[in-house]
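Each remark here refers to the structure printed beneath this line.
What follows draws every value from the coordinates through simple rules; no lab data is involved. Here the structure is a predicted model, which is why all the values come from computation and not from measurement. Every residue, glycine among them, receives a Cβ derived from its backbone with ideal geometry; neighbour counts consider all protein chains shown.
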């Protein structure tokens, strides 16, 4: 299993008139944390695309538990429980500064050949980087 945590401070422009983080920003927070996770294992989306593979989102689920506020530092935990095949599933847990769970989510991304638009297996170099987390 692969687990990563990323800290993110809520910016003013991400809040609504009630002072809460606008609900549509949580998937963006997931992307920041997911990209950071990939970078932490020694890979990047940029490298993936250089290998001719993109990773579009196939599904997204979000559950709102309590609000986040302007200038709060959030912790976004990303969890990958299963070794990636042609798809890769990410789970998210978002915590406020008090350590309270405020949001959960899930995305499924698919490895797609950029020339054909068809699902493919992840690049070998990516598999080498990630397999140590699934022994």
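Of note:
- Highlighted here are the strands (runs of 3 or more DSSP E) found entirely within the range 47-135 that include at least 2 residues which are without any contact (Cβ under 8 Å) to a residue 40 or more places away in the chain and either surrounded by 13 or more Cβ atoms within 10 Å (Cβ to Cβ) or at negative phi (or both): 87-95, 101-110.
- Look at the range 9-28: where a residue is touching a residue at least 12 places away in the same chain (Cβ under 8 Å) and on the phi > 0 side of the Ramachandran plot and a partner is part of a loop (DSSP other than H, G, I, E, B) and surrounded by 12 or more Cβ atoms within 10 Å (Cβ to Cβ), sitting 6+ places away or on another chain with Cβ atoms under 7 Å, you get 19/70.
- Within the range 29-46, considering residues that are free of Cβ contacts under 8 Å to residues at least 40 places away in the same chain and out of contact with any strand residue (DSSP E or B) (no Cβ under 6 Å at 6 or more places or on another chain), the one nearest to residue 119 (Cα to Cα): 45
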